[in-house]
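For reference, the structure is listed below as structure tokens.
Please treat every number below as a calculation from the coordinates, not as lab data. Quick caveat: nothing in here was measured; it's all calculated off a predicted structure. Virtual Cβ from ideal backbone geometry, glycine too; neighbours counted across all protein chains shown.
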């Protein structure tokens, strides 16, 4: 799957926000005059049209660019996922304040639940976005997940049970050996054996 680049996504999102009426070329140019040249914009619109992301409608003397129904549906789904993640972050901040007054064991249990809840939210969102035009929505969703990771998951993922099975451990050491060398794999193996003792 090939994702649309940022310029194409920005232009497509703007056109989609025009709804079923779309936007005129002048409206699009006015929105991007400071960041995209006319020739680049023309090229982007041409690519979007021939990729069937947008339709062009001649209305008298006016030409309107309209995002396809699938694109508009996919952007609705993306905005809903953004809303859900924003609400989740607000809930995390609120619950974090409440948890700061609890004892350590309760804090760990609740943070583990929140982490699992967030991971479920992300995975459901990802599967939702894969259905319609993922090449348009997934890059923006990944940027949002990156923020969520910095704000929350980087601190809480270790709370989930991350014990590797013996088979997974052997595969991991084999991969380390393949990509980093035999010596590195041996060091990791010795370290893990010392930790188990």
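For residue 109 and residue 169, the FRET efficiency from 1/(1 + (r/R0)^6), where r spans their Cβ atoms and R0 equals 25 Å, is about 0.35.
Per-residue ellipticity at 222 nm, computed for the chain from helices alone with -39500 (n - 2.57) per DSSP H run of at least four residues, works out to -23500 deg cm²/dmol. Computed with the Debye formula from one identical point scatterer per Cα of the stretch 1-138, without solvent, the log10 of I(q)/I(0) at q = 0.10, 0.17 Å⁻¹ comes to -0.48, -0.90. What whole-number distance in Å separates the alpha-carbon centres of the stretch 53-95 and the stretch 103-159? Between the Cα centres of the stretch 53-95 and the stretch 103-159 lies a distance of 21 Å. Projected onto their three principal axes, the Cα atoms of the stretch 6-67 cover extents of 29, 22, 19 Å, largest first.
Evaluating kT/(6 pi eta Rh) at 37 °C and 0.692 mPa s, with the Kirkwood radius of the stretch 59-197 over Cα pairs in the Stokes-Einstein relation, gives 175 µm² s⁻¹.
Largest mean-square fluctuation among 90, 186, 117, in a Gaussian network model of the chain whose springs join Cα atoms under 10 Å apart, belongs to 186. Once both labels are positioned 7 Å from their Cα atoms along Cα-to-Cβ, the gap between residue 33 and residue 147 label points is 2.9 nm.
Potential lengthening of the chain between residue 24 and residue 57 amounts to 10.9 nm, from the contour at 0.36 nm per residue minus the alpha-carbon distance.
Computed from the Cβ-Cβ distance with R0 of 35 Å, the FRET efficiency linking residue 189 to residue 159 stands at 0.85.
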